């Protein structure tokens, strides 16, 4: 299917959709480093710019619109969540594109906190907007570990289908492939150790892309990105937010000595080993943390291919 991508970042979602066989016909982000990363690894079809200033007439027609609109204002880690948070209104730009382009389907990705924002008022308003635009919607709370991603990353996936599509054209959300114990016919969760042990020691000369790490001291306390990492479990959520000093707080390596490198963090997010991130180390960490895991995105893309083949 022909897909239009908003808030594309470094392109984790787009890459997975492409690997399934779909085509991204247009993409956009306002982060110059993320756009440079996208162009280097995925393609020149991404446009650097503020989505609020781009006319939908400049965007090609498409079958699908996807995007993870900025979510910081929705995050449960943000103690000051207000309905009028300026970071939350960008979903209206996603809505504008849906309303004017009228794709067959859309997928919107966000953090778990969007479900509880304003005691549920935010998600109710968002779904009402999509209904007014002519779409039936489903909301899925997903643990990425249940889809083979070596990370217990919980995200909300909103799937929209245009009202005039038939039952045979219904998007079927991918079934879980893994669980914690590996029972009931599913595979066991993939551990962080399985995901990152292929990489060499970053303190020794190597040829890996982005294989360096934050020197922010590992000190264990009961707080996100400061807890011990269990090598036999999936990684905690790879973060895109700060450590209190303005930098991204990388997850501690399970050896307890250092934090994950950008490359290791990208492996947890299931980016290919040869995917090179552009920008400062902090920017690269942020690009990785903001991404949709490529492996999960590919499973969404597989469903679009199934629907396209039924035409």
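Taken together, the values in this text are just the output of simple stated rules run on the coordinates, not laboratory data. Remember, it's a predicted structure, so these values are computed and weren't measured experimentally. Note that we place each Cβ from the backbone using ideal geometry, even for glycine, and neighbour counts take in every protein chain shown.
With everything on Cα atoms, drop me the angle between helix 91-101 and the longest principal axis of the chain, reported from 0 to 90° to the nearest 10.
40
Averaging sequence separations of C-alpha pairs under 8 Å and six or more residues apart, then dividing by the length of the stretch 141-232, give the relative contact order as a whole percent.
Value for the stretch 141-232: 22 percent.
Would you mind checking the tilt of helix 281-290 against the longest principal axis of the Cα atoms of the chain, expressed as 0 to 90 degrees and rounded to 10?
Between the helix axis and the principal axis of the chain, the angle is about 50 degrees.
Sort 212, 232, 63 so that the residue with the fewest other Cβ atoms within 10 Å of its own Cβ comes first and the one with the most comes last.
Ascending Cβ contact count within 10 Å gives the list 232, 212, 63.
Contact order normalised by length for the stretch 242-311, with contacts defined as Cα pairs under 8 Å and 6 or more residues apart; what percent is it?
Relative contact order of the stretch 242-311: 25 percent.
When a footprinting reagent is the concern and you count Cβ atoms within 10 Å, what order do 171, 199 take, fewest first?
199, 171
When all alpha-carbon pairs of the stretch 160-205 are counted, what percent fall beyond 18 Å?
It works out to 61 percent of all Cα pairs.
With viscosity set to 0.890 mPa s and temperature to 25 °C, compute the Stokes-Einstein D of the stretch 174-311, Rh being the Kirkwood radius across alpha carbon pairs; µm²/s, no decimals.
So the translational diffusion coefficient is about 151 µm²/s.
Using only the alpha-carbon atoms, what does the chain span along each of its principal axes? Please give whole angstrom values in decreasing order.
Between the extreme Cα coordinates on each principal axis of the chain lie 56, 44, 41 Å.
So what's the Cα pair-distance distribution over the stretch 260-311, bin width 5 Å, in %?
Result returned by the calculation: 4, 20, 24, 17, 10, 9, 7, 5, 2, 0.
Hey, how much of the P(r) for the stretch 129-249 falls beyond 18 Å, as a percent of Cα pairs?
68
Rounded to the nearest angstrom and ordered from largest down, what semi-axes does the equivalent ellipsoid of the stretch 86-126 get from its C-alpha gyration tensor (root of 5λ)?
In descending order, the three semi-axes are 21, 11, 9 Å.
Report for the chain the percent antiparallel among DSSP-assigned beta bridges with both residues inside it, nearest 5.
Roughly 50 percent of the beta bridges in the chain run antiparallel, per DSSP.
For the chain, with a Gaussian network of springs between Cα atoms less than 10 Å apart, report the residue from 38, 91, 135 with the top mean-square fluctuation.
Residue with maximal mean-square fluctuation among 38, 91, 135: 91.
Per DSSP H run of at least 4 residues, take -39500 (n - 2.57); add these up for the chain, divide by its residues and hand me the 222 nm value, nearest 500 deg cm²/dmol.
Rounded to the nearest 500, the figure is -7500 deg cm²/dmol.
Hey, fewest Cβ within 10 Å first, where do 111, 25, 294 land in order?
25, 111, 294
Does anyone have the angle between helix 32-41 and the longest principal axis of the chain? Alpha-carbon axes, 0 to 90°, nearest 10?
Roughly 90 degrees, rounded to the nearest 10.
Over the chain, calculate the relative contact order: mean separation of alpha carbon pairs under 8 Å at least 6 apart, over the residue count, as a percent.
20 percent.
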